[in-house]
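Asks: One structure follows; several queries about it will come next.
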Amino acid sequence: MGLAFKVKNESMSDAIMVEDIDQEDKGEYKEFTYSPEEESQLVRRLDCFLLITIFWMYLLSYMDRTNVGNAYKSGMDVDLGLSSSDYSIVLIVFFIFYVVFEVPANLVMVRIGAARFVPSIMCAWGVSTGLTALVNSYAQLIGLRVVTAFFEAGFAPSILLILSSWYRKNEQSKRFSAYISAAILSGAFGGLIAGLITQHLHGARGIAGWRWLFIIEGSATVVIGIIGFFTLLPLPQHMKPSRFFTERHIQIAIARLKKDNVESNLGHDITPLNALLRNIKNPQVVMLIIGYMVIVGSSTLSYFYPTLVGGLGYTGFMIQYMTIPIYASAFCCNLTVGYFSDRNIKYRGYTLSVLLLIACVFAIVVVTCYGFKLRYAMLCLMASTLWSSNALALSYASSILSTRDSKTRGVGLALINALGNLAQIYGAYLFPTKDSPKYIKGFGVIAGMCAVGCGTYGILATYKARKSSKSTTTDSPHSEA
């Protein structure tokens, strides 16, 4: 049986008419419509299964990615004899392999399905994280970080593809904001949780506190991965009727994406090389990569919140406590921007440009003013704009690539995310200790990067707005700049 979807806007009910064509019935048509209430019910179910699962998955992913830093400060450096340069190499090796494996991993996900792929790799990197508790040398630590990067690389681009394949364009910003909020909460409380584990479990059963950190967070990751086998949904094209999602739900899901001009073709006839070349040759994808690299590079500022807050005179656990308001403001701003961006999707590109312009101004203020209280306020505001930009940039990229087949879209999103994360390598060197307490170089570079991002997204938004105005087929309210 094949499915053909004809979309009609009905002035009173906004119902969608879907024609089910059974080729064996020689062209006989069975029509059905769905109401806004049915669509709302479907979205609520998607949120319950997809959004909650993805939130917890990303929370653990972000913690696993940053737990090496917490372990290093809690005795791992002494036990393994790690120097500062050794620690930097451990971080760099992880991100290099993470970036290298992202695109291939996403191609595998499209082929075997997200519902099996994502929970499987999550369990795998959870195991490798737990095994890190057994390392006794620098070489062993490097090896396990490579293994962890190999498995974890497929997570973020797969989640981006899943969200872009289930939600309409005017629903995505809120969902991407919820997704990014997991990383914000992890940043706010991850250090405190790690501190409690390493402090109170140190020596328990003869095991060092930093080793307990890897054991506990690795075990939690495996548990969430196992739950994901039952709650994470595949792409709509792979979906089969179940107790919670009937055949009608699946047809409505595909039909409403058709209405939103989201391509549902999996792209099996397209080779991985062709999918890669299609994205590399696309100037819009190149601009999205540049813009996202700027955002991620600037967001490495979050690594140094404790260092910068330490300049206010706080010490010990108070440093961690004083970073919480920074993340709290980012959390609120991120969700607010996501909500209003879905209500005004035509202006996502311009909104990104404005957010980065504001971050640029805040960075300049930090460079020119040395009052700690003012700097702390600027850190809160910069964190708010940069974290909000991160989520919005992902939903903007997803919308722009929505007309591509799943394979091409998946490779494009993986490229944007991978090369964006590459910025974390050089971003980690922006705030060396010798630049304390002013850190002029670090904030100056961030100001410059934000200016580049502001211009990039502004140009892209203007280009899309002009292209949309010239097109005779963009009368849809969901076209955006």
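Bear in mind that the values in this text are calculations on the coordinates, not laboratory data. As the structure is a computational prediction, the values presented were derived from the model and not from experiment. Glycine gets a Cβ as well: all are built from the backbone with ideal geometry, and neighbour counts include every protein chain shown.
Asks: Rounding to the nearest 10 and keeping the result within 0 to 90°, find how far the Cα-based axis of helix 247-259 lies from the longest principal axis of the chain.
Replies: The angle comes out at about 90 degrees.
Asks: How far, in nm, would the chain grow between Asp47 and Val93 when pulled straight, counting 0.36 nm per residue and subtracting the alpha carbon separation? Walk me through the numbers before you get to the answer.
Replies: Values: separation 46, 0.36 × 46 = 16.56 nm, distance 3.52 nm.
Taking 0.36 nm per residue and subtracting the Cα distance, the gain is 13.0 nm.
Asks: Rounded, prolate or oblate: pick one for segment 290-389, where a ≥ b ≥ c are the square roots of the eigenvalues of its C-alpha gyration tensor, a/c under 1.5 means rounded, and failing that, prolate if a/b is larger than b/c, else oblate.
Replies: Note, shape of segment 290-389 comes out prolate.
Asks: May I pose another question? Set the Förster distance to 41 Å, then compute FRET efficiency between Val100 and Asp435 from the Cβ-Cβ distance, nearest 0.05.
Replies: So the FRET efficiency works out to roughly 0.85.
Asks: Let me have the relative contact order for the chain, percent, based on Cα pairs under 8 Å that are six or more residues apart. Walk me through the intermediate numbers first.
Replies: Details: 736 pairs, mean separation 100.9, N = 481.
After rounding, I find 21 percent.
Asks: Taking the Cα-to-Cβ direction at Leu374 and at Leu196 and moving 7 Å from each Cα, how far apart do the two end points lie in nm?
Replies: 3.8
Asks: Also, I was wondering about something else. As a footprinting exposure proxy, order Ser120, Ser389, Ser329, Ser399 by other Cβ within 10 Å, with the fewest listed first.
Replies: Ascending Cβ contact count within 10 Å gives the list Ser120, Ser329, Ser399, Ser389.
Asks: At 0.36 nm per residue, and after removing the present C-alpha to C-alpha distance, how many nm does the segment from Cys332 to Tyr138 gain when stretched out fully?
Replies: Taking Cys332 through Tyr138 to full extension adds about 65.8 nm, to one decimal.
Asks: Now for a separate question. How far, in degrees from 0 to 90, does helix 348-368 lean away from the longest principal axis of the Cα atoms of the chain, to the nearest 10?
Replies: On a 0 to 90 degree scale, this one is about 10.
Asks: Please list the non-local residues whose amide H lies under 5 Å from the amide H of Tyr34, H modeled 1.01 Å from N, same-chain partners needing a gap of 5 or more.
Replies: For Tyr34, the qualifying residues are Ile16.
Asks: Calculated from the structure, mean projected area of the Cα convex hull in nm² equals which of (1) 26.5; (2) 23.8; (3) 31.6?
Replies: Identified label for the calculated read-out: (2).
Asks: Apply the a/c threshold of 1.5 to the C-alpha gyration tensor of segment 37-233 and tell me whether it is rounded, prolate or oblate.
Replies: Prolate shape, in that a/c is at least 1.5 and a/b is the bigger ratio.
Asks: Kindly put Leu460, Leu50 in sequence by how many other C-beta atoms sit within 10 Å of each C-beta, fewest to most.
Replies: With the fewest neighbours first, Leu460, Leu50 line up as Leu50, Leu460.
Asks: Okay, moving on. Between Leu277 and Thr462, what length comes free when the chain is fully extended (0.36 nm per residue of separation minus the Cα-Cα distance, one decimal in nm)?
Replies: On the way: separation 185, 0.36 × 185 = 66.60 nm, distance 2.48 nm.
Extending this stretch completely gives an extra 64.1 nm.
Asks: Compute the distance in nm between two label points, each set 7 Å from the Cα along the Cα-to-Cβ direction, one at Ser85 and one at Lys346.
Replies: Inter-label distance under the simple model: 5.7 nm.
Asks: I'd like the distance separating the alpha-carbon centroids of segment 240-259 and segment 360-420, in whole Å.
Replies: 33
Asks: Related question: For segment 268-481, rounded, prolate or oblate, judged on the Cα gyration tensor with a ≥ b ≥ c (square roots of eigenvalues), a/c < 1.5 rounded, else prolate if a/b > b/c?
Replies: It comes out prolate by the Cα gyration axes.
Asks: Residue-wise, which Karplus ³J(HN,Hα) couplings in Hz belong to segment 93-107, taking 6.51 cos²θ - 1.76 cosθ + 1.60, θ = phi - 60°, and x for glycine or proline?
Replies: So the Karplus estimates, Gly and Pro as x, are 4, 4, 5, 5, 5, 4, 5, 4, 8, 5, 5, x, 4, 5, 5 Hz.
Asks: Next question, about the same structure. Which of the cysteines found in the chain have nothing to pair with, since no other Cys Cβ lies under 4.7 Å from theirs?
Replies: Cys with no partner Cβ under 4.7 Å: Cys48, Cys123, Cys332, Cys333, Cys369, Cys380, Cys454.
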